[in-house]
Structure formats: structure tokens, C-alpha cells
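Inspection log for the structure reproduced underneath, given as C-alpha cells.
The values are calculated or read from the model by the stated rules, or taken from the named source; none is laboratory data. Please read all numbers here as calculations on a predicted model, not as lab measurements. When we count neighbours, we look across all protein chains shown, and the Cβ atoms used for this are built from the backbone with ideal geometry, even at glycine.
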Amino acid sequence: MKNVLVTGGAGFIGSNFVRYLLTHEPNVHVYNLDALTYAGSLENLRDLPDPNRHTFLHGNICDQALVERVFRDYEIDLVVHFAAESHVDRSIFEPDAFIQTNVFGTFSLLEAAKRAWLDRSPPSSEVRFHHISTDEVFGSLHPDDPPFREDTPYAPNSPYAASKAASDHLVRAYGHTYGLPYTLTNCSNNYGPYQFPEKLIPLMILNALEGKFLPVYGDGKQVRDWLYVEDHCEAILLVLRQAPLGESYNIGGGNQPTNLEIVESLCDILDEVVPNSPHKPHRRLIRFVADRPGHDRRYAMDITKISTQLGWKPKHTLAEGLLATVQWYLENEEWVEAIRQRGDFKAWMQQNYAQRGERP
Ligand code: NAD
Ligand code: TYD
């Protein structure tokens, strides 16, 4: 039985991964360390397939003593590190928490892993620190540039991307200097169940259902490489099982729609699946608003390495993934309503819209 420390497992991708791991790996116990910030919720873990193999630990990854205790008490042999501040817009207005959690938090975990696994005789074997990162560390592409590869130089543009880049560098440095056994994955934009509705896709779905306007930043021609979250989870598990230590892999969906095309697709899906909506056609809710400062124009991932070495490619097309996501948000009204009623969510929406000279 492997003892797996998942950090940030009450957030969007982390909770999907915990569910995926428990479903596909009968021989793991998951210790889920999460501070339950605005982005984390135990409601995201309500439908775990085998809850007896899951222990939730409420705590902050920056708390060095706590993290070391977790390694010791639960004899952790695998870390899958998701915990982070993850929203670019928030990082522009309030970067402090990004530096704390993404940089110092990762440092604290690396130190704990080093002390538990390496500062002993003999050092632990069969252990691994897997770091979850993003395509945003590579910066922004021009329309004709080739997609990001694993050896593309880092050029992060937002405080979020810079803090993630710093954490990637720390992980690599712990591998290089101390021999910490690690792997690293950089993934493109995820979407799917349980995504907090401050991000593009769930925000647009929920606003459209309420007949609120759909705020498209700038000209809406920015391009992201969208991946359904379950496909990301599958790729991570494959890396954990098969990837050699010290390697990094790019993960992406191979999609190149503009933001405006994504929003229009969601509107069209909603027209179909909510035929009696008073807000039809939903496209009329689209409104162009002030752009995000420093907005990255285009991301795209070259997934040749993970597909040739590990045989991974995404299973869901964008059309399938968007439909499944819209249906999930329609079927999970209670989850949605709980977030809508939260003061911190309303306050953020007001702040974000106010910065753009708009009202929600
Ligand atoms: P999220 O914001 O939905 O969840 C983050 C989780 O981390 C929350 O449960 C939160 O409570 C927890 N957390 C935050 N600070 C913490 C701290 N100091 N200590 C302990 N827990 C803390 O994020 P997400 O979208 O699920 O992203 C997860 C990871 O994947 C992040 O590392 C992110 O950089 C990376 N990533 C995200 C995407 C994406 O599209 N969402 C794409 C590529 C990579
Ligand atoms: P987001 O989901 O915040 O992810 P990221 O910034 O990490 O890529 O945004 C995805 C894209 O959608 C990004 O180009 C910004 C844009 N966007 C909007 O146009 N309107 C919105 O209300 C939001 C939240 C994002």
C-alpha cells in the first residue's frame, strides 16, 4: 500500500485527481492536505469511490512543522503537489498569496520530502515528488509560433505564472542538488466538473444560466489549449506509474479555439440543452470588456514527448468535454448555489468587474 500525499486535493483538479486515483489504484491511501482557501471545498470530495482510503488533513503547506509531521506520521512515499493559488486575475490584483503558497509552500514541501526521504541512512527508495505545473510558465506565443516543448525557455508573464515557474525551478534544483526523486508536468488550461466559477468556462455557463452578461476580455481572440480535467488526471497517473525520475512532460488538449469561440460554443450548447431558457439565444449576452493587463495571447502544448514515451493522448474532444461540463453544472445546482451565496465569491466578482469599469 502506497501512502500518497496529495496537496490541494479539495480544489478543482486535485479533487478530480483524488477521485481518479482511488478509482484506478486499489493499493493507495490518499492523505489530502488542503488549507480550504476560497477555492477548496469538502463538497468537492463528497462522491469519493472509496472514502476509507482517503484521509483529509486541514492545513497549510507553508506550515513547515505540520508538513514534516505529515511525512513522518503517515510514512508518505509519493507526493502529488497541486496546492496553489491558481487564478491569474487574482494574481494581478493581490500577488502576495501566490508568492507565499506557490513559492514558499513548494519550498516547505521540498524540504520536508528531503528530510524524510534523503536525510537518513539509507535514503528511502521507491519515493517520488510529483509537481503539477502549467503551460503559463513558457509565456505567450505569436500566431505562427510552434507549440511549447519541454525545452522551451521559461518566460512567465503574470505573477501567477512567475510564482509557478519559481516553484518548478525549486523542484528541479532539489532534484539536481540533493538527488530528490521528482517528476514534473506542465499542463494547459483544464475545464470540467468542480471548477471554481471564477475561471472562464464555468463563469460563462453560470452567468448565461442566470441571464447575466458574459464578459469577454479584450477582443476575445486569445487562444488557450483546453483539456478536459479527466484526461489530465489520466496523464498524471501514467507519469506516476511509468515516467523516469527527473523528467518533465507537457500535457495539452491539442485545441486552438479563441476565447470568443469557446464562449459562443457554450452559448450554443445552452440553447440546445435548456430549450425553454428565457435568455435564448445566449450569444446576445456576450459583452466585450476591458482586457486583462499583460494578457497572454496564445498558449499551445506540444505533447509529442508524453504521447511517444508514455502513449498518452486526450480521450475527450473539446465538443464532448464542453457538453459534459455544461451538463455537470446543470445537474449540480446545490454545489453551484452554495458558491453563489458565498460572500467571498460575490466580493471577488464585484472587485474583478469594477477593475474593468463594469458591474456584475
Ligand atoms: P484551485 O484553485 O481550484 O485549487 C487549489 C487548491 O489548493 C484549493 O483546494 C486550495 O484550498 C488549496 N490551497 C491553496 N493554498 C494552499 C495552501 N497554502 N496550503 C494548502 N492548500 C492550499 O486550483 P486548480 O485549478 O485545481 O489547480 C491545481 C494545480 O494545477 C495548481 O498547481 C495549478 O497551478 C495547476 N494547473 C492548473 C490548471 C488549470 O487550468 N486550472 C492548468 C495547469 C496547471
Ligand atoms: P482563465 O480561465 O482565467 O484561465 P487562464 O488565465 O489561466 O488562461 O481565463 C482563460 C481565458 O479567458 C484567458 O484568456 C482570459 C479569458 N477570460 C475572459 O475573457 N473573461 C473572463 O471573465 C475570464 C475569467 C477569463
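For this structure, a couple of remarks:
- Candidates in the range 227-270 are the residues that are more than 16 Å from ligand 1 (Cβ to nearest atom) and of a type in the set (Val, Ile, Thr); of these, the one that is surrounded by the most Cβ atoms within 10 Å (Cβ to Cβ) is Val263.
- The listed residue being touching a strand residue (DSSP E or B) at 6+ places or on another chain (Cβ under 7 Å), more than 22 Å from Asp63 (Cβ to Cβ) and either modelled with pLDDT of 95 or more or more than 16 Å from ligand 2 (Cβ to nearest atom) (or both), out of Leu22, Leu33, Leu5: Leu22
- Residue satisfying condition, being touching a residue at least 24 places away in the same chain (Cβ under 8 Å), surrounded by fewer than 19 Cβ atoms within 10 Å (Cβ to Cβ) and more than 17 Å from the chain's Cα centre (by Cα), within set Leu206, Leu180: Leu206
- Within the range 192-220, considering residues that are touching an Asp or Glu at 6+ places or on another chain (Cβ under 9 Å) and either modelled with pLDDT under 95 or more than 8 Å from ligand 2 (Cβ to nearest atom) (or both), the one farthest from Tyr38 (Cα to Cα): Asp219
- Scanning the range 304-341 for residues that are part of a loop (DSSP other than H, G, I, E, B) and touching a residue at least 60 places away in the same chain (Cβ under 8 Å), we see that the one that is farthest from Glu210 (Cα to Cα) is Gly311.
- Filter result for Phe98 (under 22 Å from Thr183 (Cβ atoms) and touching a helix residue (DSSP H, G or I) at 6+ places or on another chain (Cβ under 7 Å)): no
- Matching residues, the range 132-176, being within 21 Å of Gly294 (Cβ to Cβ), of a type in the set (D, E, K, R) and either within 15 Å of ligand 1 (Cβ to nearest atom) or without any contact (Cβ under 8 Å) to a residue 24 or more places away in the chain (or both): Asp135, Glu136, Lys164, Asp168
- Condition met for Ala65 (surrounded by 18 or more Cβ atoms within 10 Å (Cβ to Cβ), at pLDDT 95 or above, in a helix (DSSP H, G or I) and among the aliphatic types (A, V, I, L, M)): no
- If you check Asn259, Asn276, Asn250, Asn255 for being polar (S, T, N, Q) and within 12 Å of ligand 2 (Cβ to nearest atom), only one passes: Asn259.
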